[in-house]
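A short worksheet on the structure shown next.
Readers should treat all values here as calculations from the given coordinates under stated rules, not as data from a laboratory. Keep in mind that what you see is a predicted model, and the values were worked out from it rather than measured. Heads up, the Cβs are rebuilt from the backbone with ideal geometry, glycines too, and the neighbour counts pull from every protein chain shown.
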């Protein structure tokens, strides 16, 4: 499948490389291709399977688009990617509305009565937004089987059943086995508010390779 | 040990009965003893080991006090219990700042930059507040071993190390094995914000007998 990944931070690059590893044709979108490559030249040299492109090119390339931009940068990045390049497509939204202006742990700039995922959905009504992967860090996202043999849970939500089915299929390719569908996209409020615990657990555990298992 | 439980809803009664069952001397505090007994007469007749008392009596009775009042009713109930009856004591705060005014799922009337537990701590500075048990429902609280043999996690927080140690000892008597200390009481923000997911998981799972296991 053709996948466009938006966001060239560590998480975006890790996902892009992993999608390529499991056989997909991946374009990784950034605002400035040359500057992004120059900043992490060794990484891009080591991952020729990940084609660096503009955000619009990556969105146009993808049958599925995955947003791994910062929360604060998400709406601008998607606008830059272009509504027409995103129309009709599954957009897996991995972002979190983190506000680090008061230090760590961050607060959330949208929460409780709204979510960043819903903002994205309102701004791009023809795109089929699925919230997923925002509750875990890079290594767990990309290699869930490396944590407790995969015995932990991924929560997803979204308004479009078929989009969630497509996204879940892609996530299973990464090794995710226990994918729990919360329902419509308003449930992303809960997924994003998890960050209030995630950041505190991270501080206490001392590393990011953890997740929760839903025991029911 | 002498334990005072505040709050005569289903969770308060379940905890009071369970503390008595494991050998403690329990007083259950309510605003109006006769009215509370009349409303649930069969339950109180069936649990003579739980002594119904005023909130002040229950707080005075307890070496440990456990607040299982609604979030909205917590500060008034504790004021009624009396600061002098709570001074120096471990107060296990099980409450959640749920606002049901807009229906289900509820929103939170304090969050992100503050928590209900911290409000309680500020209002009762001589009391040693420990946030615990707010992330699970009655049956899981009182009988954690009945869910997956107890293989799931309880998060606690609080400013006083010794208070957390005392509270953890009591929780272990109920069957809790994996008790994870988040740190100081500001971490209660994360514990209370979990409700945004708990309520949505409950809606989807269809029952309240679930919890998370912290996989790390």
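Quick check on this structure: which one of A:177, A:167 is in contact (Cβ under 8 Å) with a residue 12 or more places away in the chain and within 25 Å of residue A:70 (Cβ to Cβ)? Checking each option against the conditions leaves just A:167.
When residue A:136 is tested against (1) out of contact with any helix residue (DSSP H, G or I) (no Cβ under 7 Å at 6 or more places or on another chain); (2) more than 19 Å from residue B:196 (Cα to Cα); (3) surrounded by 18 or more Cβ atoms within 10 Å (Cβ to Cβ), exactly one condition is not met: (2).
Looking only at the range A:192-216, residues that are under 18 Å from the mean Cα position of the chain (by Cα), assigned to a helix (DSSP H, G or I) and either more than 27 Å from residue A:113 (Cβ to Cβ) or more than 7 Å from every other protein chain (Cβ to nearest Cβ) (or both) come to 4 in all. One residue is enough: does the range B:156-165 have a residue meeting the conditions closer than 30 Å to residue A:114 by Cα and more than 10 Å from chain A (Cβ to nearest Cβ)? Yes, that holds for at least one residue.
Conditions tested, residue by residue: (1) under 15 Å from the mean Cα position of the chain (by Cα); (2) crowded, with 16+ Cβ neighbours inside 10 Å; (3) closer than 26 Å to residue A:144 by Cβ.
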position	(1), (2), (3)
B:154	yes, yes, yes
B:158	yes, yes, no
B:167	yes, yes, no
B:177	no, no, yes
B:181	no, yes, no
B:186	no, yes, no
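State all residues of the range B:180-191 that are without any contact (Cβ under 8 Å) to a residue 40 or more places away in the chain and more than 7 Å from chain A (Cβ to nearest Cβ); if no residue qualifies, say none. B:180, B:181, B:184 - these are the residues of the range B:180-191 that are without any contact (Cβ under 8 Å) to a residue 40 or more places away in the chain and more than 7 Å from chain A (Cβ to nearest Cβ). Of the residues making up the range A:120-127, one or more are within 14 Å of residue A:96 (Cα to Cα) and buried (at least 20 other Cβ atoms within 10 Å of the Cβ).
Just one of (1) surrounded by 15 or more Cβ atoms within 10 Å (Cβ to Cβ); (2) at negative phi fails for residue A:87. It is (1).
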